[in-house]
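Working notes for the structure below.
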Amino acid sequence: MSWLVKFGVAVSLISLTGCAAIDVGTGFDEVSTLVVERGGADLHVVTQADTAIAAEVKTHAQPTDGLSLDRALHVALTNSPALQAEYARLAISQADVLQASLLKNPTLDNVIGAAVTPDPTRFAIGAVYPILDLVYRESRIKAARADFRAIQIEVAESVIEHANEVTSAYLRLAQSKARLKAREEIVNLAHRQLQTVRRLEATGTTDSADFAEIQSALIKAEIERKAEAGERDAARIRLAGLIGSPLNAKLDTLLPIEKVSAYQASPDALIVQAERQRLDLIRAEQEVEIRKIALQKSGRLLNDERTALGIEFEDEGEESFIGPSLSVEVPVFDRKQFKKARARAELIEAERRLEALKHSVETDVRAVHHQVLSRQETALAHQNRLVPSRRTRAALAQERFNSGSIQAAEFLETQVAISEAKLAAIDAAADYWEARVELAKVIGGWPSSF
C-alpha cells in the first residue's frame with residue numbers, strides 16, 4: 001500500500017473519530033436540579049406555567065390582589081433580564097464542550113517554484129495533521145465538561161442569589177406598606193383631634209395655643225406620611241425591576257411583616273445543611289477538579305499544535321518524490337517546568353480556598369443564627385410589651401382628657417405614641433425577616449417561606 005493511500009486511510013479514520021457526537025445536554029436540567037435540591041422551584045415548571053402570571057403583572061397597572069412572595073419569585077425566574085443572561089451562559093459553555101470534541105482540520109501546503117535556470121519548474125504539496133490533537137481529545141473534552149459543570153453551579157447560585165434579592169426587596173416593600181399605614185393612622189388621629197379642639201374652642205373650654213400645637217402636629221404627620229409614600233414607591237420600583245415587570249406597576253404585598261413567627265432551628269443542624277447544600281462550596285470543589293486537570297495538561301512536553309504527522313509529494317519534472325513527514329517540538333530550552341509549577345500553585349490555591357470556605361461555614365451559620373434569635377426577641381418585645389404599654393398609657397390619658405385634666409395636644413401625643421410604637425415594631429420585625437433571608441444565604445438554601 002502506497003504512502004498516499006495509507007495517509008488517506010488515516011485521515012478518514014481521524015475524520016470519523018472527530019465527527020463522533022457527544023451527549024452534553026443544555027445544562028438547564030442540572031441547574032434546575034441544583035435549585036430544587038435547595039428548596040427552590042423547578043425551573044422547567046416556572047418558565048412555562050408562570051408566563052401567565054408574569055403577563056398579568058405586566059398588564060395590570062394596579063393588581064386587585066396582592067403579590068405573594070412565592071408568586072413574585074416565580075415571576076422573577078421567568079422574566080428577570082439578569083437571570084435570562086445567566087441562562088444564556090449555559091448555551092455558551094455547551095458550545096465550548098461541543099467545540100472541544102471536534103478535531104482540528106488538517107493543513108495543506110502547496111509550493112510552486114518557477115524555473116529561472118534550465119531546471120524544470122518544481123511543484124510540491126503536503127498534508128499535515130496535528131496528531132496529538134486526536135490523542136488528547138478525551139482529556140480536552142473532560143476539561144470542557146468540568147468548566148461546563150462549574151458554569152451550571154454558578155448559574156444555579158445566581159438563581160438562588162437573585163431569589164434572595166427579590167425576597168429582600170419584597171420585605172422592604174412590605175415594611176414600607178406597613179409603615180405608611182401607621183403614618184396614615186397618625187394623620188387621621190391628628191385630624192380627629194383637631195376637629196375636637198375646634199369644637200372645644202367654640203365652647204371656650206380650650207385656648208388657641210392647644211389648637212396651634214395640634215395643627216403643627218398634623219402638618220408634621222402629613223410630611224412624614226408623604227415621605228413614607230415615597231419610600232413605598234421606591235420599594236415598588238426596586239421589586240418591579242428585580243422581577244422584570246414594568247417599573248410603574250403598582251405592586252402590593254400580602255405579607256403582614258409585623259407578625260414574627262417563632263424560629264427554633266438548631267445551629268448544628270443548620271451547619272450540616274450548609275455543608276451539604278452551599279453552592280459556593282460545591283463550586284470551590286469543582287475549581288479544585290479543574291485545577292487538577294490543568295496540572296495534568298501542564299506536564300505534557302509535546303505541544304498539541306506543533307506535533308504533526310503528514311505526507312508530502314514533490315514533482316520536479318522527470319522525478320517525483322512522496323513520503324511521510326513528522327514535525328515535533330524539541331523541548332531543549334522550554335521544558336514547561338514553570339508552566340507546571342504555576343499549575344501546581346493554582347491547584348494549591350484552589351485547595352486552600354476550599355479549606356478556608358469550609359472553615360467559614362460554621363462561623364457564618366452560628367453568627368447569623370444568633371442574630372436571628374436576637375432580632376426575634378427584640379421584635380416580640382416590641383409587639384408584646386412596648387405597644388401594649390403605649391395603649392395602656394393612652395387609655396389612661398383618655399380618662400384624664402375626658403375629665404379635663406390634660407389638654408388635647410397632650411392627649412394626642414399619647415395616641416401618636418401608639419403608632420410610633422407600631423412603627424418601631426414594624427422595623428424590628430423587618431430586621432428579623434431580613435436576618436432570616438441572610439440565614440437562608442449562609443446555609444445555601446432557597447428563601448424561607450414567610
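Okay, residues lined up against (1) over 27 Å from Gln376 (Cα atoms); (2) at pLDDT 95 or above:
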| residue | (1), (2) |
| --- | --- |
| Lys220 | yes, no |
| Ile223 | yes, yes |
| Ala240 | yes, no |
| Ala249 | yes, no |
| Ile257 | no, no |
| Val260 | no, no |
| Pro267 | no, no |
| Ile271 | no, no |
| Arg276 | no, no |
**Message:** With in contact with a strand residue (DSSP E or B) (Cβ under 9 Å, 6 or more places away or on another chain), farther than 21 Å from Ile223 by Cα and of a type in the set (Phe, Trp, Tyr) as the only criterion, which of Tyr170, Tyr136 stands out?
**Reply:** Tyr170
**Message:** Within segment 6-15, does at least one residue satisfy the condition of being over 17 Å from the mean Cα position of the chain (by Cα), at pLDDT 55 or above and of a type outside the set (A, V, I, L, M, F, W, C)?
**Reply:** yes
**Request:** Scan segment 154-177 for residues that are surrounded by fewer than 22 Cβ atoms within 10 Å (Cβ to Cβ) and over 30 Å from Ala428 (Cα atoms) and jot them down.
**Result:** Glu154
**Prompt:** Of the conditions (1) crowded, with 17+ Cβ neighbours inside 10 Å; (2) within 23 Å of Val272 (Cβ to Cβ); (3) without any contact (Cβ under 8 Å) to a residue 40 or more places away in the chain, Leu386 fails just one. Which one is it?
**Reply:** (2)
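Table: residues versus (1) modelled with pLDDT under 85; (2) basic (Lys, Arg); (3) within 43 Å of the chain's Cα centre (by Cα); (4) closer than 30 Å to Ala274 by Cβ.
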| site | (1), (2), (3), (4) |
| --- | --- |
| Ser327 | yes, no, no, no |
| Val330 | yes, no, no, no |
| Lys336 | yes, yes, yes, no |
| Ala345 | no, no, yes, yes |
| Leu354 | no, no, yes, yes |
| Ser360 | no, no, yes, yes |
**Request:** Give the residue that is modelled with the lowest pLDDT, with candidates limited to residues of segment 298-321 that are in a strand (DSSP E or B) and surrounded by 15 or more Cβ atoms within 10 Å (Cβ to Cβ).
**Result:** Asp315
**Request:** Only residues in segment 172-197 that are of a type in the set (D, E, K, R) count as the first member; pair them with residues that are part of a helix (DSSP H, G or I) and modelled with pLDDT under 90, Cβ under 6 angstrom, at least 6 apart or cross-chain, and list the lot.
**Result:** none
**Message:** Based on this model, can you work out whether Glu434 counts as touching a Leu at 6+ places or on another chain (Cβ under 9 Å), within 20 Å of Leu69 (Cα to Cα) and surrounded by fewer than 19 Cβ atoms within 10 Å (Cβ to Cβ)?
**Reply:** yes
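Does Glu165 satisfy being of a type outside the set (A, V, I, L, M, F, W, C), closer than 30 Å to Leu102 by Cβ, modelled with pLDDT of 75 or more and in a helix (DSSP H, G or I)?
No: the conditions fail for Glu165.
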**Complete:** When segment 410-422 is checked residue by residue, the ones that are surrounded by 20 or more Cβ atoms within 10 Å (Cβ to Cβ) and either more than 22 Å from Arg179 (Cα to Cα) or of a type outside the set (S, T, N, Q) (or both) are Phe411, Leu412, Val416, Ile418, Ala421, Lys422
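The values are calculated or read from the model by the stated rules, or taken from the named source; none is laboratory data. These figures come from a predicted structure and were not determined experimentally. Here Cβ is always computed from backbone atoms with ideal geometry, including for glycine, and neighbour counts include all displayed protein chains.
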